[in-house]
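Colleague: Got a structure here, written out as structure tokens. Questions coming.
The values are calculated or read from the model by the stated rules, or taken from the named source; none is laboratory data. Quick caveat: nothing in here was measured; it's all calculated off a predicted structure. A quick note on method: Cβ atoms are made from the backbone with ideal geometry, for glycine too, and the neighbour counts reach across all protein chains shown. For the accessible areas, the whole protein counts, side chains as well, though only heavy atoms, and no ligand, DNA or RNA atoms are used. Shrake-Rupley method; radii C 1.70, N 1.55, O 1.52, S 1.80 Å.
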Amino acid sequence: MLRFRSILFAAVLAASAPFIVRAQTSGAEASAATSGKLTAVPFRAGTVLSAEISKQKPSFDVESEFDKPAIENPAWIELIVKLDSGRSLSRFDYEIVGKNGTYPCFAVAEGADGYSSDAEKWIIKTSSPLKYYRLLFPVRLDEIAAAKKELLPVTLKIKLFETTLAPASFQVRVMPEGKNFTRVSSVRPEGICNMTYREAFESGN
């Protein structure tokens, strides 16, 4: 009799397991919806984990007077992304639509490497899903003034061709005056996109 009850209990538990998992998932989704913060944003080639705008120009290993941003005295938007397996990345692939204009990508880099105007660094042909990559966009300085509550809404679009996939929209964090972009090593696996500087780094996260 005891064995029969044990078997019956195991059967009931197995039958209810999907409902328990579904309830847990729904709870997590409800929590995310309540917070209103999607900290990792999918885009065509992977996931945007961090998005920032700063007046501070990032480091370049190689620069050329023949390869400069079209905007004089720009602000800079940097995205830190994780690429899906088998994906490549180039400075020609994407553009960002801000409040005051549309801006092509100017440089890409792997991990913490410096940006470069060297043509050999324009394309990352072989990527790893275990590494992070950076995209840099020079934008008009008044994009910073267009931000609300230290966040600037932007859209990341594919530049070279039309697609039925929806572009990725998210909010770029305005970096405090004098602050450089966040180091790749400081970006958490769950992402820090759509978060102000205070939310990402000063609120116990």
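Colleague: Which is in contact with a Pro (Cβ under 9 Å, 6 or more places away or on another chain) and closer than 22 Å to Arg44 by Cβ, of Glu110, Glu95?
Modeller: Numbers: Glu110 fails: in contact with a Pro (Cβ under 9 Å, 6 or more places away or on another chain).
One residue alone meets the criteria, Glu95.
Colleague: (1) surrounded by fewer than 22 Cβ atoms within 10 Å (Cβ to Cβ); (2) modelled with pLDDT of 95 or more: which one isn't true of Ser85, the others all being true?
Modeller: Result: Ser85 passes all but (2).
Colleague: From Phe170, Phe201, Phe181, which residue is open to solvent by 20 Å² or more (accessible area, probe 1.4 Å), on the phi < 0 side of the Ramachandran plot and in contact (Cβ under 8 Å) with a residue 24 or more places away in the chain? I'd like the intermediate steps shown before the answer.
Modeller: Numbers: Phe170 fails: open to solvent by 20 Å² or more (accessible area, probe 1.4 Å); Phe201 fails: in contact (Cβ under 8 Å) with a residue 24 or more places away in the chain.
That would be Phe181, the only listed residue that is open to solvent by 20 Å² or more (accessible area, probe 1.4 Å), on the phi < 0 side of the Ramachandran plot and in contact (Cβ under 8 Å) with a residue 24 or more places away in the chain.
Colleague: Would you confirm whether any residue within region 112-123 is touching a helix residue (DSSP H, G or I) at 6+ places or on another chain (Cβ under 8 Å), of a type in the set (A, V, I, L, M) and either within 15 Å of Ile77 (Cβ to Cβ) or in contact (Cβ under 8 Å) with a residue 60 or more places away in the chain (or both)? So that I can check it myself, show each step before the final result.
Modeller: Step one: filter region 112-123 for residues touching a helix residue (DSSP H, G or I) at 6+ places or on another chain (Cβ under 8 Å), giving 112, 115.
Add one more test, that the residue is of a type in the set (A, V, I, L, M), and what stays is 112.
Adding the requirement that they be either within 15 Å of Ile77 (Cβ to Cβ) or in contact (Cβ under 8 Å) with a residue 60 or more places away in the chain (or both) leaves 112.
Within region 112-123, one or more residues are touching a helix residue (DSSP H, G or I) at 6+ places or on another chain (Cβ under 8 Å), of a type in the set (A, V, I, L, M) and either within 15 Å of Ile77 (Cβ to Cβ) or in contact (Cβ under 8 Å) with a residue 60 or more places away in the chain (or both).
Colleague: Further, regarding this structure: Name every residue in region 95-127 that is hydroxyl-bearing (Ser, Thr, Tyr), surrounded by 13 or more Cβ atoms within 10 Å (Cβ to Cβ) and not in a strand (DSSP E or B), in order of residue number.
Modeller: Those that are hydroxyl-bearing (Ser, Thr, Tyr), surrounded by 13 or more Cβ atoms within 10 Å (Cβ to Cβ) and not in a strand (DSSP E or B): Ser117, Ser127.
Colleague: Identify the single condition in (1) of a type in the set (D, E, K, R); (2) within 21 Å of Leu83 (Cβ to Cβ); (3) part of a helix (DSSP H, G or I) that Arg198 does not satisfy, given that it satisfies every other one.
Modeller: Here Arg198 clears every test but (2).
Colleague: Can you tell me which condition Ser59 does not meet? The list is (1) touching a Leu at 6+ places or on another chain (Cβ under 8 Å); (2) closer than 15 Å to Val184 by Cβ, and all the others hold.
Modeller: That leaves (1) as the condition not met.
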